[in-house]
Amino acid sequence: NPRLPILGVCLGHQLLGHHYGANVTLSPGGPVHGMVSPVTFVSDDTVDVVADEGHSDGSSSNSEWNIFDGIEQDFGVVRYHSLAVQFPSESDLAVSLDIEPMAWCEAVPPPSSADGDESVNDVEGSNKRTSTKICMALKHKTNPHYGVQFHPESIGTGKAGYQILYNFCKLVEASQLTHEFNDLERDSSITQALPTSTSQKVQSEHSDVAAEDGPTSMHTVHVHKISRTNGSLNPRPEIVFEELYGLAPSAFWLDSSTGEVSDVDGNLVDRTADKQKCPIRSNSRFSIMGDDQGPLSKRVEYYGEDHDASMKGTRIFSHGSGETFDYELQHEHDNILEYIRKSMGDSRGVNMSTRFVYFEDPDGESYTFQDVYEFSANGTDGDNSFSSSLPFEYRGGYVGYLGYEVRHDSQKFLCEQEICNIDGGADPSRLSPPQVKSNRNIPTAAFLFADRSLVYDHFTSDWYLLGVSSNEIHAAGSGGVVSTIEWMRQVSSKLQSLQNQPIATNNPKPDKKSEVNFHLDRPKAQYEQDIRRCHEEITNGESYELCLTNQLRSTVGAKRDDGPLGLYKILRRRNPAPFSAFFRLDRLSIKDEDVDSSRRSNSSACVSLCCSSPERFLSITKVMKPSEGPVTADLDDDHSHGWEFAPRRSVESSSDNLGCRYQVESKPIKGTTARIFAQDSDDTGIDFNREDIKVAEELRLDVKNRAENLMIVDLLRNDLSRVCEVGSVHVPRLMHIESFTTVHQLVSTIRGVINSIETSSADVISACFPGGSMTGAPKLRSVDILNEMEQGVSRGPYSGSLGYISLNGCMDMNIIIRTAVVTPAEGSEDSKEEETNDKWDVSIGCGGAITALSDSEDEYNEMLLKARAIKEAVECWASDSG
């Protein structure tokens with residue numbers, strides 16, 4: 001349309017060039033993704049917009065518009081492209097085109113280095129590339145049609161990008177004033193095909209929740225706090241978990257294993273040895289643990305596209321009637337995201353009822369309540385006095401993991417958002433082919449509904465007991481308040497008895513490692529071939545970045561009698577991380593009438609996850625009012641690590657539903673290097689601390705790693721923008737170093753705000769899963785390419801996410817990396833009790849992001865580096881040491 005303003009970005013720029021007769025070829029400088037280049041432009045670019053006669057607003061009849069108005073020459077732009085628009089070299093052919101170039105960059109930009117600011121200053125890296133000008137912007141000679149090859153919306157382009165979009169909006173505004181846009185023909189089929197988002201659909205389904213005047217919560221959360229007394233510390237999480245949940249058939253431990261604890265004088269004491277000390281201070285504050293033995297608990301297993309047809313579906317195991325703990329089995333056709341969305345509908349309003357329980361005598365026989373409604377049903381804050389005294393967001397709910405192959409379900413959501421076909425539904429041709437190689441012991445996703453759980457504060461040594469009770473009248477028995485209080489009384493007594501018990505891991509056995517023969521799914525030669533394939537796809541413009549993965553596998557004969565929990569105890573000591581976790585599902589004993597005899601051996605899963613992840617995928621926390629006080633600096637961005645530890649944000653708003661607004665946070669990691677430590681035998685005179693700081697700084701300035709990180713930041717900003725309030729998505733920290741026990745990593749923080757009445761935690765997951773740091777960008781096409789290269793082998797839990805989805809609408813989920821996935825070895829699958837097996841199949845997922853600058857040898861070594869700490873822990877486990 002010659003009168004309709006158009007701004008083509010990247011591919012849109014190339015399409016305009018192609019449409020108007022220019023050539024679109026491989027970029028003469030080679031692929032450039034996630035890098036910043038300086039751009040020069042024609043400074044006198046103006047367009048005359050002729051106003052209609054007799055305009056009532058008195059606007060000028062001639063408006064000059066400049067796409068680069070207010071921008072200085074040589075401004076930095078972020079580029080993601082393998083192709084480029086090339087104009088004919090012959091002047092007569094160039095003149096004959098309806099378009100002309102208006103901005104350029106050099107194919108090989110001048111070298112620069114990051115100098116400590118938030119910008120991304122990079123070089124393309126190869127001096128062999130020809131120093132040629134590349135068209136960075138074009139315009140039509142008469143029509144208001146423009147294209148830019150770079151990405152003005154990228155976090156790395158910064159203010160210049162905002163200015164370009166603002167300038168284009170001025171052109172659109174002027175055109176609306178001077179042309180009768182209502183007379184323009186529009187393709188109504190496009191707007192009619194726009195899909196209704198999942199958020200909108202569910203909002204209408206639950207509109208009655210927001211309209212209620214009073215609480216209608218199905219559950220009440222009872223909380224009892226156990227503070228340290230008489231100058232002594234409460235028992236540590238490792239002791240409590242082993243005592244309460246060591247033999248439970250299903251259990252979880254969200255373990256802030258880098259946490260520090262207070263001594264009797266209130267001073268922080270580091271829990272790790274000096275030589276392997278994790279230097280992140282004041283972090284990893286809370287650990288959460290529980291099982292599925294409560295009367296309201298459920299165990300949910302989802303078998304998706306990575307399993308055969310006979311396994312597919314969602315299975316819910318719940319306790320039988322009476323006092324027994326036999327399990328009953330139900331089948332649901334929903335995928336796991338739909339199941340969570342429906343199950344958590346009660347919290348959409350977000351209307352959580354909370355009671356603080358006080359025991360008035362040492363035996364806990366008499367008690368009192370303090371009733372608090374954390375949110376009222378109409379979306380405004382209720383009495384928040386107790387809520388503000390609770391330092392964590394968790395209120396019970398679903399705890400578990402989403403395996404990577406849940407991507408098949410989230411892809412459908414993304415296809416609906418991106419309109420993969422004109423009917424507004426998901427085009428099957430855009431979805432990856434089903435996986436065929438998976439372990440039947442491992443569900444695609446699995447969760448426990450935790451109605452009884454414990455939270456430990458590493459800063460204060462306080463324990464919090466959380467019990468979820470049903471508000472339904474018929475729940476006066478085992479699911480009611482009385483049984484919850486009785487459970488609290490029993491657990492309080494148990495914790496007191498454990499108060500002075502020593503921590504076994506303080507005096508570990510020497511690290512004697514057994515030789516464990518691990519093999520890679522795809523050996524080095526094949527992995528390097530896959531990297532070459534990645535380079536081809538990137539050069540051809542199919543992807544910017546591909547997160548290629550592999551699996552190390554072995555069968556281990558462990559000598560310990562505590563099974564995979566023993567492995568996790570070794571791992572958390574050797575490689576503590578802020579988002580560590582242990583999650584176990586043992587084979588269940590199901591009532592005979594509920595089990596299909598042909599599928600008896602597959603009636604429930606048997607798997608353990610031993611995770612030492614340093615990476616947060618997504619957290620959702622309450623947004624605080626400015627009146628609730630500022631966020632203290634020492635607990636802000638520098639230290640927002642570990643389970644539950646995302647600082648609340650003050651948000652100025654005139655909205656009446658501030659109580660239903662939540663902050664969403666993601667912290668992707670892209671960029672890893674090994675730390676340097678002195679060994680006991682080292683006597684070289686080298687300053688190892690200085691060398692360690694040096695390698696961290698080299699990582700921060702590294703061109704390739706910064707480009708990888710920037711691409712994932714832009715991807716996550718795009719993902720979150722699908723569900724967050726307009727204008728709320730921002731990046732408070734871009735590419736900062738975080739140091740862990742064995743590695744330094746390059747980490748960014750992205751945040752946004754949602755309204756829980758409109759958007760649920762399941763909606764946020766659907767918009768963002770899998771985490772961009774495990775896929776590459778653009779996400780939909782990249783995961784299809786990766787599926788081909790990884791030969792249809794399911795990644796399983798690896799690359800997915802593990803954590804909790806709370807009853808009050810909050811959430812905290814990690815990225816499952818640095819993880820051992822443990823199942824009974826082949827031939828022992830019929831075993832009823834996991835601990836009776838002496839052989840285990842262990843898999844360790846590992847990989848890295850491949851870009852145009854990746855070196856195959858370096859990438860292979862980085863993959864092995866990421867698996868090293870887990871592999872060594874398995875070797876110690878096999879030898880009963882560590």
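Of 822, 726, 731, all but one fail to be among the β-branched types (Val, Ile, Thr) and within 16 Å of the chain's Cα centre (by Cα); the exception is 731.
Close contacts from the stretch 64-84, counting a first residue that is within 20 Å of residue 100 (Cα to Cα) and free of Cβ contacts under 8 Å to residues at least 60 places away in the same chain and a second that is open to solvent by less than 30 Å² (accessible area, probe 1.4 Å) and of a type in the set (Phe, Trp, Tyr), with Cβ to Cβ under 8 Å and a gap of 6+ residues or different chains, come to 73/41. Checking each residue in the stretch 143-186 for being polar (S, T, N, Q), under 13 Å from residue 65 (Cα atoms) and modelled with pLDDT under 90 picks out only 175. Right, residue 4: open to solvent by 50 Å² or more (accessible area, probe 1.4 Å) and touching a residue at least 40 places away in the same chain (Cβ under 8 Å) or not? Judged against the criteria, residue 4 is a match.
One residue is enough: does the stretch 562-585 have a residue meeting the conditions more than 30 Å from residue 154 (Cα to Cα), modelled with pLDDT under 95, in contact with a helix residue (DSSP H, G or I) (Cβ under 8 Å, 6 or more places away or on another chain) and open to solvent by 50 Å² or more (accessible area, probe 1.4 Å)? Checked the stretch 562-585: at least one residue is more than 30 Å from residue 154 (Cα to Cα), modelled with pLDDT under 95, in contact with a helix residue (DSSP H, G or I) (Cβ under 8 Å, 6 or more places away or on another chain) and open to solvent by 50 Å² or more (accessible area, probe 1.4 Å). Determine whether the stretch 787-809 contains at least one residue that is hydrophobic (A, V, I, L, M, F, W, C) and part of a loop (DSSP other than H, G, I, E, B). Yes, that holds for at least one residue. Considering the conditions (1) part of a strand (DSSP E or B); (2) under 15 Å from the mean Cα position of the chain (by Cα), residue 719 is excluded by exactly one of them, (1). Before we move on, is residue 705 touching a Leu at 6+ places or on another chain (Cβ under 6 Å) and open to solvent by 10 Å² or more (accessible area, probe 1.4 Å)? Yes; evaluated as a whole, the condition is true for this residue. Screening the candidates 96, 131 for the property of being more than 39 Å from the chain's Cα centre (by Cα), over 22 Å from residue 69 (Cβ atoms) and modelled with pLDDT under 80 yields one hit, 131.
Within the stretch 795-821, the set of residues being small (Gly, Ala, Ser) and open to solvent by less than 10 Å² (accessible area, probe 1.4 Å) comprises 799, 800, 801, 803, 806, 820. Just a yes or no: is a residue in the stretch 792-809 at pLDDT below 90 and over 30 Å from residue 344 (Cα atoms)? Yes; the residues of the stretch 792-809 include at least one that is at pLDDT below 90 and over 30 Å from residue 344 (Cα atoms). Put simply, of 508, 434, 443 the only residue that is at pLDDT below 90 and buried (at least 16 other Cβ atoms within 10 Å of the Cβ) is 434. Figure legend. Inter-residue proximity from the stretch 841-870: first residues in a strand (DSSP E or B), second residues aromatic (Phe, Trp, Tyr), beta-carbon distance below 6 Å, spacing 6+ or different chains. Indicated pairs: 845/798.
Mind checking which residues of the stretch 291-320 are among the hydroxyl-bearing types (Ser, Thr, Tyr) and open to solvent by 10 Å² or more (accessible area, probe 1.4 Å)? The answer is 302, 310, 318.
For residue 638, the requirement of being modelled with pLDDT under 60, farther than 30 Å from residue 37 by Cα, assigned to a helix (DSSP H, G or I) and open to solvent by 50 Å² or more (accessible area, probe 1.4 Å) is not met. Look at residue 738 and say whether it is modelled with pLDDT under 90 and assigned to a strand (DSSP E or B). When the stated conditions are applied, residue 738 passes them.
Scanning the stretch 854-868 for residues that are more than 17 Å from residue 746 (Cβ to Cβ) and open to solvent by 40 Å² or more (accessible area, probe 1.4 Å) yields 855, 857, 861, 864, 868.
The values are calculated or read from the model by the stated rules, or taken from the named source; none is laboratory data. Just so we're clear, the structure is a prediction, and the values are computed from it rather than from any experiment. With ideal geometry, Cβ positions are generated from the backbone for all residues, glycine too; neighbour counts draw on all protein chains shown. These accessible areas exclude ligands, DNA and RNA; they are computed on the full protein's heavy atoms, side chains included. Shrake-Rupley method; radii C 1.70, N 1.55, O 1.52, S 1.80 Å.
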